[in-house]
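The values are calculated or read from the model by the stated rules, or taken from the named source; none is laboratory data. Nothing here was measured: the structure is a model prediction, and the numbers come from that model. Every residue, glycine as well, gets a Cβ built from its backbone with ideal geometry; the counts of neighbours run over all protein chains shown. Areas reflect the complete protein model, heavy atoms only, side chains present, ligands, DNA and RNA absent. Shrake-Rupley method; radii C 1.70, N 1.55, O 1.52, S 1.80 Å.
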Amino acid sequence: MESKAKRRVATENGETGEDLVLATLIRNGDDLGPIVRHAFEMGRPESLLHQLKHVVKKKEVEIEDLCKTHYEEFILAVDELRGVLVDAEELKGELSSDNFKLQEVGSALLIKLEELLESYSIKKNVTEAIKMSKNCVQVLELCVKFNKHISEGQFYPALKTLDLIEKNYLQNIPVRAVRMIVEKRIPIIKLHIEKKVTSQFNEWLVHIRSSAKDIGQTAIGHAASARQRDEEMLERQRKAEEQNISGLGDFAYTLDVEEIDEESILKVDLTPLYRAYHIQSCLGIQEQFWEYYYRNRLLQLNSDLQISSAQPFVESHQIFLAQIAGYFIVEDRVLRTAGGLLLAEQVEKMWDTAIAKMKSVLEEQFSHMNSATHLLLVKDYVTLLGSTLRQYGYEVGPLLETLDKSRDKYHELLSEECRQQIANVIASDTYEQMVLKKDTDYESVVLSFNLQTSDITPAFPYIAPFSSTVPDACRIVRSFIKGCVDYLSHGAHTNFYDVVRKYLDKLLIDVLNEVILNTIQSGNIGVSQAMQIAANISALERACDFFLRHAAQLCGIPIRSVERPQACLTAKVVLKTSRDEAYLALLNLMNKKLDQFMALTENINWTLEEPPQNGNDYINEVVIYLDTLLSTAQQILPLDALYKVGNGALDHISNSIVSAFLSDSVKRFSANAVMGINYDLKMLESFADEKFHSTGLSEIYKEGSFRGCLIEARQLINLLLSSQPENFMNPVIREKNYNALDYKKVSSICEKFKDSTDGIFGSLSNRNNKQSGRKKSLDMLKKRLKDFN
């Protein structure tokens, strides 16, 4: 209600709302700036001035009213103010006096104060100067320290010092000249360090390349030692298994795995590389260093992969391969320890480059080699390289596959070397049975190649059924198997027994068997040589089982897997065929020799007038020869071969006797001559029976005998001496007594038969009667044979 009254009074006094607002602001002491600014902005300053004047008038009225209301209090206040004025004058005088005294005392103090302020200013300047000097001294000390590091070649500490100067001290150097010098020298110093480090790194590149060969040789040497230990362990394992199979006891074996000491292999200091890389990183140019390192190492690799034509590869291959091995061992170490200097992809690319080049070099060099030993030497070192680098994570499969591609050539060269050796062995053989005087000889010659025919150890001296060709050839084949396994082992394939078996079969068939056949077919051997060759082939057949077991042992294949019948070598069958060829050659040679003896039948008197008391002279030589032949054959040939030889010889003699009657040189023959041949034949039959039983053949061939080989001659003699030769024409009698005779031969022989009644027995009547009856029978036989023909 009071506010409404005030607004009404103000309206009555001609005041507007703006005047009230302005008055309120002035009364409250508020800032009038915004109102003044607003009035000018609105273009109404005169209105504002009018309002202000109105407010002033109003205030003057209020003051006037206030004074009228309180004039008594005002008068009293004025009186009191005058009293206060008097006191003030007194106080002023006292103050003036005190001020004078204070000025007198303070002047000295003021001087001291000015001196103190001046001292403070000097102290501040000196402190600032000392601080600046300390900064300069610290910078200079760091520069001295930096120079010392540089002079000592300690570039990393030098760079750390330089970085400290640049970051913490350079901007705080108060002396501008010093700061400018330091700023100017820093880039030059960094460039100097970069050049020095690069120079040291280049020296290290040269050094590491020259050391790579030694690194590679050391690593490959470790791999070779490990391989040898493994092979020795496998050999112990094989012997233990053999003894276990033999029931000699249980044996334990262990494989000692030796950790490869990388430090013992990598005997080269990689510190210069680490330092260079770290310093280049500190200089902020590590990417440039990555590229520089990779480019230079790649150039070195390409240079290492070039082979010299001045030296044969078989002499330089170890250095060539060891250099590559050392190179990649270093790269593996750098990849793992240099903190990103080298990427795995870069190493892989370098390895692919090396693999491609090595494959190309090996293929070319292998194509020019003509020695299996050289091929094996290179192959062994390549596989050692593969074993070494495989431990560092490199893929060596393509390299080993290259070796696998050359295995046919290697085995061809090895087979040719074996062919020459076997040919020399056979050419130098005396074809005499080996005499073994002690058990060690028996073990090394017979047992070691499974050539024994009995498990019982013979008495010494022991005469073997074979000649020196057999053990010598077995040694050559055994060395061939070892060469096969050596080449195929540690290669791309772990199970290579079937491959070894294939090459072994090929050697036995195409080399050993072929050389033996060439010897047999050469025509330069005699009966004893042919017989010994046949015996040698029999021994080699038995050795085939040893060859197969030996190959299995070297390949790590269980022996039981090759003892199955279906696992035998094809060469065994082929050798058996060659043995038959040798028997055939033996028979041919034997028959030729017998022909020489049987040719003596031409000296027989075929028209004897008197009956002979004994056989002809030639038969003694024939029997002696047969006895020598069969006795020798009994010593060296198996019984089945002995049976073939005896049958062949006696069958040939029988044919020769019949051929003698058919010979053109024999125009006529008498019964007495037939009786002489009968004596010869009986001697042969007696010899045949004795040999058949003494050799033990009678126990094996119960249905046959040597005597049966003489059946044709015996039936012919029986017919010629028969009192009823016309019975030959009786089918039943002929089938029973003369089934081995041929019509035409009998006809021809009968035409030559001369029946004589003269002679020492001609006066005997019974003899005459018998001869007369035989003559009639023979005439009848001749006629019927002519009719039959």
Which one is surrounded by the fewest Cβ atoms within 10 Å (Cβ to Cβ), of the residues in segment 54-82 that are of a type outside the set (A, V, I, L, M) and closer than 11 Å to LEU22 by Cβ?
LYS58
Within segment 638-674, restricting to residues that are open to solvent by less than 10 Å² (accessible area, probe 1.4 Å) and outside any helix (DSSP H, G or I), the one that is modelled with the lowest pLDDT is VAL666
Are any residues in segment 713-739 open to solvent by 30 Å² or more (accessible area, probe 1.4 Å) and under 19 Å from ASP680 (Cα atoms), and if so, which ones?
ARG714, ASN718, LEU721
Across segment 17-58, what is the total count of residues that are in contact (Cβ under 8 Å) with a residue 12 or more places away in the chain and either in contact with a Lys or Arg (Cβ under 9 Å, 6 or more places away or on another chain) or not in a helix (DSSP H, G or I) (or both)?
4
Can you find a residue that is among the hydrophobic types (A, V, I, L, M, F, W, C), modelled with pLDDT of 90 or more and under 30 Å from ALA158 (Cα atoms) anywhere in segment 295-317?
no
Among (1) within 24 Å of TRP606 (Cβ to Cβ); (2) out of contact with any Gly (no Cβ under 7 Å at 6 or more places or on another chain), where does LEU697 come up short?
(1)
For ASP680, indicate whether it is closer than 28 Å to MET590 by Cα, loosely packed, with under 15 Cβ neighbours inside 10 Å and touching a residue at least 12 places away in the same chain (Cβ under 8 Å).
no
For segment 564-609, the count of residues that are within 30 Å of SER663 (Cβ to Cβ), open to solvent by less than 60 Å² (accessible area, probe 1.4 Å) and part of a loop (DSSP other than H, G, I, E, B) equals 4
Breaking point among (1) open to solvent by 60 Å² or more (accessible area, probe 1.4 Å); (2) part of a helix (DSSP H, G or I), for ALA310
(2)
Can you name the residue in segment 326-367 that is within 19 Å of PHE201 (Cβ to Cβ) and among the small types (Gly, Ala, Ser) and, of all such residues, is nearest to the chain's Cα centre (by Cα)?
GLY326
Please enumerate the residues belonging to segment 321-339 that are in contact (Cβ under 8 Å) with a residue 12 or more places away in the chain and either open to solvent by 30 Å² or more (accessible area, probe 1.4 Å) or aliphatic (A, V, I, L, M) (or both).
LEU321, ALA322, ILE324, ALA325, ILE329, VAL330, ARG333, VAL334, LEU335, THR337, ALA338, GLY339
Qualifying positions in segment 461-506 - part of a helix (DSSP H, G or I), surrounded by fewer than 19 Cβ atoms within 10 Å (Cβ to Cβ) and more than 26 Å from the chain's Cα centre (by Cα):
ASP472, ARG475
